[in-house]
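The values are calculated or read from the model by the stated rules, or taken from the named source; none is laboratory data. Not measured: the values here are computed from a predicted model. Note that each Cβ is placed from the backbone with ideal geometry, even for glycine, and that neighbours are counted across all protein chains shown.
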Amino acid sequence: MVFSPRYEDALKHDLYGKSRLPLFIMEKHMPRHYPLHHHNFAELSLVVDGTGTEILNGKPHRFKRGTVSFLLPHHIHEIRLETPTVHKFNCMFDIHLLFLSSSDQEFGNYLLQTGQNLPSHYDLNEEQTLYMIGCFETMKREYESNFFAKETSLRSKLLETLVFLTRTLVTTTEPDSSAVQSQSSVLELLNYMHLHYNEELSLTNLADHYHWNASYASRLFKQHVGQTFIHYLHSLRVGRAASLLATTDMDIVDISVEVGFDHARTLRRAFKKLKGMSPKQYREKYRSGSS
């Protein structure tokens with residue numbers, strides 16, 4: 001069996017794109033299982049009707065009406081249907097749309113924690129589901145229109161939808177200002193790591209870049225992220241490597257270079273630690289269709 005990259009976001013944007021933004025929206029009725037794949041774009045989806053199982057980065061969860069999934073670029077997923085068809089909305093967009101305004105930086109950086117400190121899926125109640133359906137329908141109408149300032153409106157509505165979704169998790173307790181400031185600093189660092197994880201990175205260099213004390217940055221990172229800088233960096237690189245192993249025939253040596261490791265043995269060591277198996281075993285697992 002030959003696996004090839006599934007960059008369906010770029011392909012479908014060329015075919016169906018109705019906006020100058022790197023974004024497209026679809027309402028679809030899925031008639032079959034959807035094989036393991038990943039995207040260059042972020043993906044936000046809502047199940048309107050139907051049931052099944054979605055496997056996000058190797059973790060399965062059952063979906064039903066009101067299940068929302070949010071995936072960052074290169075997160076891998078697979079959909080297995082229980083009902084004959086599944087009705088859902090999908091919005092694919094370039095993650096950089098979240099960072100076009102300085103006022104949105106904190107929220108955009110917050111979303112970059114998806115799959116780490118934030119969940120990749122949400123199960124909404126019926127009231128929340130109806131609201132979310134309305135958001136998607138409004139975005140879809142705007143997307144298919146020729147209204148003035150269409151792109152500005154679309155981006156605004158996307159952000160509004162994502163804010164509503166994340167507020168289903170956020171408590172109403174007001175954090176103290178010092179905690180907010182330190183979290184903002186760490187999220188700024190996380191944003192940089194997500195964009196440059198495949199380059200040569202060290203906490204010392206990044207601390208210098210942001211004019212921080214390195215030991216302070218290390219403590220702050222561990223406090224807010226719950227893991228060390230190097231562990232988080234390795235998790236980003238291993239996550240990208242996993243998507244390449246599962247969906248391409250790239251050699252492991254080439255993958256190690258692609259994701260930012262200096263040697264294949266470093267990738268193998270980090271992969272074994274984080275995934276509990278070697279890169280070769282991981283590829284074989286997905287090729288065999290096991291979950």
Q. Residues in region 19-26: is at least one within 25 Å of V163 (Cβ to Cβ), among the charged types (D, E, K, R), under 16 Å from the mean Cα position of the chain (by Cα) and at pLDDT below 80?
A. no
Q: Return yes or no: is H77 outside the structural domain of V186 (by TED's automatic domain parsing), under 18 Å from the mean Cα position of the chain (by Cα) and either of a type outside the set (G, A, S) or closer than 26 Å to R62 by Cβ (or both)?
A: yes
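Would you check if there is a residue in region 264-275 being in the same structural domain as E200 (by TED's automatic domain parsing), surrounded by fewer than 16 Cβ atoms within 10 Å (Cβ to Cβ) and either under 17 Å from I76 (Cβ atoms) or at pLDDT below 90 (or both)? Reasoning before the result, please.
If we filter region 264-275 for residues that are in the same structural domain as E200 (by TED's automatic domain parsing), which is where we start, we get 264-275.
Within this subset, residues satisfying the condition of being surrounded by fewer than 16 Cβ atoms within 10 Å (Cβ to Cβ) are 265-266, 269, 272-273.
Still in the list and also either under 17 Å from I76 (Cβ atoms) or at pLDDT below 90 (or both): none.
Checked region 264-275: no residue is in the same structural domain as E200 (by TED's automatic domain parsing), surrounded by fewer than 16 Cβ atoms within 10 Å (Cβ to Cβ) and either under 17 Å from I76 (Cβ atoms) or at pLDDT below 90 (or both).
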Q) Do we find a residue being farther than 22 Å from V47 by Cβ, in a helix (DSSP H, G or I) and modelled with pLDDT of 85 or more anywhere in region 156-170? A) yes
Q: Can you give me the number of residues within region 112-160 that are of a type in the set (A, V, I, L, M, F, W, C) and on the phi > 0 side of the Ramachandran plot?
A: 1
Q) Would you pick out the residues in region 36-77 that are within 22 Å of R287 (Cβ to Cβ) and either β-branched (V, I, T) or in contact with a helix residue (DSSP H, G or I) (Cβ under 9 Å, 6 or more places away or on another chain) (or both)? A) L36, H37, H38, H39, T53, I55, N57, G58, H74, H75, I76
Q.
Quick check on this structure: which one of T228, T247, T266 is under 26 Å from P35 (Cα atoms) and among the polar types (S, T, N, Q)?
A. T247
Q: Report yes if T67 is in contact with a His (Cβ under 9 Å, 6 or more places away or on another chain) and either of a type in the set (S, T, Y) or surrounded by fewer than 19 Cβ atoms within 10 Å (Cβ to Cβ) (or both), otherwise no.
A: yes
Q. If you take the residues in region 84-129 that are β-branched (V, I, T) and at pLDDT 90 or above, which one is farthest from P60 (Cα to Cα)?
A. T129
Q) Within region 225-247, which residues are crowded, with 18+ Cβ neighbours inside 10 Å, at pLDDT below 85 and not small (G, A, S)? A) V225, T247
